[in-house]
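Asker: Just passing along the structure, written as structure tokens.
The values are calculated or read from the model by the stated rules, or taken from the named source; none is laboratory data. What you see is a predicted model; the values in this text were computed from it and never measured. Using ideal geometry, Cβ is built from the backbone for each residue, glycine included, and neighbour counts are taken over all protein chains shown.
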Amino acid sequence: MFLHATRPTLAARRLLHPLLAAALLVLPGCAAETGEVAETGEVPGGERLGEGTAAQVVCAEGSTVPGIDVSYWQQAIDWEAVADSGVRFAIARVSHGAIDTLFDENWAGIKDAGLIRGAYQYYLADMDPLEQAEIMVDAIGQLGEKDLPPVLDVESDEGQDTQTILDGITLWLDRVEEATGRKPIIYTGKYFWQDHVGSDAFVDYPLWIPNYSNECPDLPNNTWSDWTFFQHSSTGSVPGIQGNVDLDVFNGTYEELEAFARGELAAAFVSQSFPYASQGPLQIEAGEAVEVSLELRNVGSRAWNEGTHLATTEPRGRESVFAGAEWPSASLPAAVVGTVLPGETYQFTFKLHAPLTPGVHDEFFGLVHVTDSGETWFSDPGQGGPPDNQLEGIFEVVAGEPEVPEEPEEPEVPVDPEVPEGGEGADTEGTTGRGALCSARPGAVGREGWMLAALGVLGVMRRRRSRG
């Protein structure tokens, strides 16, 4: 990379010794603490400060891990020899406007040698930032467990003003993070950033800082307080590479470098639709299904996707009595739909299907990321949580009110209305009395019919007596 960590008028840069084979590089401590400036106006390491410039020298707090970065200028690399030398990671250039013709070869070779790998893009301020972002995304494809986040190399202005540079790198960072699910790394020098960007809006992005004249890097003022990678030489020598190569270190142990490559899975609680455990249980009738939700924020460095599940815990993988047919499994109530980038929130919504037997159930939840190669719990060592016993709800299944069967409806029986006054001679036409009811029914006998029948019976009885 072309570096702008020092000004042309500064004292000659003091180079560090090359990497030693098969040894992890641990840089010596700084002569000054963070931000300390000697009375002579010099930064420890021999670099004199410009007028009105303060040092922000930050040393590694402990171990560091050695690595390199390469481009087209390093030809025919023997990656097995590089790995055997003690180098633990390598970062290859994707493009500098045009595609680096050796990127694909280096990208594959780094992986085959078992090294942690990364990719950087030299940013051109006068080129479409989204076009450059797509070049990066297409080149690296789907990132794996041993792939570092993509790197944006910001070190030249191409005649553009500060606002244009600021807007462009913002577009690039947003697009690449959206596409990869990883928060990119920013590579930049102290003076270039101060003079041409001058913003503290990117301090949440990991910093890769070049600085050749100090044993500990001098960071841009009023921005980052720490660094993730430190490029300390451009004239290093490593077995397997002919000529000079850039030397770098990671700020941490190898295990921490592995975790950084994987990306931290972490969530923070936002809200839940059911009572906190301290507030008592949520009552659910036996056999009832109730919809509940948990809202969490992605506070890690890795995106969530359809492989990220809300899961039962205490113990992990416990089959819940509230599982329903729509759950991904009896121990996975819900899964992410889409992508949740770092900083975004997501609401896991699912149904609790109460069993038929009353009782009180203490349910614990966690997050797990499931892939074809296995599963990673957010509460695993090296991840960011939450712990398995933090997300909790108490649910009480109560007997429902017994159902009382409805009595069958009795058929309506018509009630005869009262007979109108006036006796036999009463006018029944248009009335609602018995006469009207009788006359309204075809074939009905009527009162006159009954009288005639009675007279007929009396006549028969008299004839029988006269014969006797």
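Asker: Of all residues in the range 364-395, count the ones that are out of contact with any Lys or Arg (no Cβ under 9 Å at 6 or more places or on another chain), part of a strand (DSSP E or B) and either of a type in the set (Lys, Arg) or more than 30 Å from ASP174 (Cα to Cα) (or both).
Answerer: Residues flagged as out of contact with any Lys or Arg (no Cβ under 9 Å at 6 or more places or on another chain), part of a strand (DSSP E or B) and either of a type in the set (Lys, Arg) or more than 30 Å from ASP174 (Cα to Cα) (or both) within the range 364-395 amount to 6.
Asker: Go over the candidates LEU294, LEU282 one by one and state the one that is among the aliphatic types (A, V, I, L, M), in contact with a strand residue (DSSP E or B) (Cβ under 6 Å, 6 or more places away or on another chain), surrounded by fewer than 22 Cβ atoms within 10 Å (Cβ to Cβ) and in contact (Cβ under 8 Å) with a residue 12 or more places away in the chain.
Answerer: Working: LEU294 fails: surrounded by fewer than 22 Cβ atoms within 10 Å (Cβ to Cβ).
Being among the aliphatic types (A, V, I, L, M), in contact with a strand residue (DSSP E or B) (Cβ under 6 Å, 6 or more places away or on another chain), surrounded by fewer than 22 Cβ atoms within 10 Å (Cβ to Cβ) and in contact (Cβ under 8 Å) with a residue 12 or more places away in the chain holds for just one of LEU294, LEU282, which is LEU282.
Asker: Moving to a separate point now. Quick one: how many residues across the range 152-191 are in a strand (DSSP E or B) and touching a residue at least 40 places away in the same chain (Cβ under 8 Å)?
Answerer: The qualifying residues number 4.
Asker: Looking only at the range 208-218, filter to residues that are surrounded by 23 or more Cβ atoms within 10 Å (Cβ to Cβ) and closer than 11 Å to VAL58 by Cα; which one of those is modelled with the lowest pLDDT?
Answerer: ASN214
Matching residues to (1) over 31 Å from the mean Cα position of the chain (by Cα); (2) of a type outside the set (A, V, I, L, M); (3) crowded, with 24+ Cβ neighbours inside 10 Å:
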position	(1), (2), (3)
GLY67	no, yes, yes
TYR72	yes, yes, no
TRP79	yes, yes, no
GLY86	yes, yes, no
ALA92	no, no, yes
ALA98	yes, no, no
LYS111	no, yes, no
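Residue-by-condition table, conditions (1) buried (at least 22 other Cβ atoms within 10 Å of the Cβ); (2) under 22 Å from GLY338 (Cα atoms); (3) modelled with pLDDT of 95 or more:
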| residue | (1), (2), (3) |
| --- | --- |
| GLU134 | no, yes, yes |
| ALA139 | no, no, yes |
| GLN142 | no, yes, no |
| GLU155 | no, no, yes |
| GLN160 | no, no, yes |
| GLN163 | no, no, yes |
| LEU166 | no, no, yes |
| LEU171 | no, yes, yes |
| GLY181 | no, yes, no |
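Asker: Kindly list, by first and then second residue, each pair from a residue in the range 375-396 that is more than 14 Å from ALA303 (Cα to Cα) to a residue that is polar (S, T, N, Q), limited to pairs with Cβ atoms under 6 Å and residues at least 6 apart or on different chains.
Answerer: GLY385/SER379; PRO387/SER379; ASP388/THR313; ASP388/SER379; GLU396/GLN283
Asker: Does GLY236 count as in the same structural domain as PRO149 (by TED's automatic domain parsing) and either in contact with a helix residue (DSSP H, G or I) (Cβ under 7 Å, 6 or more places away or on another chain) or modelled with pLDDT under 95 (or both)?
Answerer: Considered against the rule, which asks whether it is in the same structural domain as PRO149 (by TED's automatic domain parsing) and either in contact with a helix residue (DSSP H, G or I) (Cβ under 7 Å, 6 or more places away or on another chain) or modelled with pLDDT under 95 (or both), GLY236 comes out as no.
Asker: Related question: Considering only residues that are assigned to a loop (DSSP other than H, G, I, E, B) and more than 11 Å from THR188 (Cα to Cα), which ones fall in the range 207-226?
Answerer: Matches in the range 207-226: TYR212, SER213, ASN214, GLU215, CYS216, PRO217, ASN221, ASN222, THR223, TRP224, SER225, ASP226.
Asker: Another question about this same structure. Filter the range 194-246 for residues that are under 20 Å from VAL70 (Cα atoms) and aliphatic (A, V, I, L, M) and give the result.
Answerer: Those that are under 20 Å from VAL70 (Cα atoms) and aliphatic (A, V, I, L, M): LEU207, ILE209, VAL238, ILE241, VAL245.
Asker: Output the number of residues of the range 244-257 satisfying the condition of being modelled with pLDDT of 95 or more and surrounded by fewer than 20 Cβ atoms within 10 Å (Cβ to Cβ).
Answerer: To start, the set of residues in the range 244-257 that are modelled with pLDDT of 95 or more comprises 244-254, 257.
After this cut, where a residue has to be surrounded by fewer than 20 Cβ atoms within 10 Å (Cβ to Cβ) as well, the list is 244, 252-254.
Qualifying residue count for the region: 4.
Asker: Kindly evaluate ILE241 against the criterion of being assigned by TED's automatic domain parsing to the domain that holds VAL370, over 20 Å from ALA60 (Cα atoms), buried (at least 21 other Cβ atoms within 10 Å of the Cβ) and out of contact with any Gly (no Cβ under 6 Å at 6 or more places or on another chain).
Answerer: no
Asker: Additional query: Within the range 273-311, which residues are among the aliphatic types (A, V, I, L, M) and closer than 17 Å to VAL360 by Cβ?
Answerer: So in the range 273-311, the residues among the aliphatic types (A, V, I, L, M) come out as 277, 282, 284, 286, 289-290, 292, 294, 296, 299, 303, 310-311.
The answer is ALA277, LEU282, ILE284, ALA286, VAL290, VAL292.
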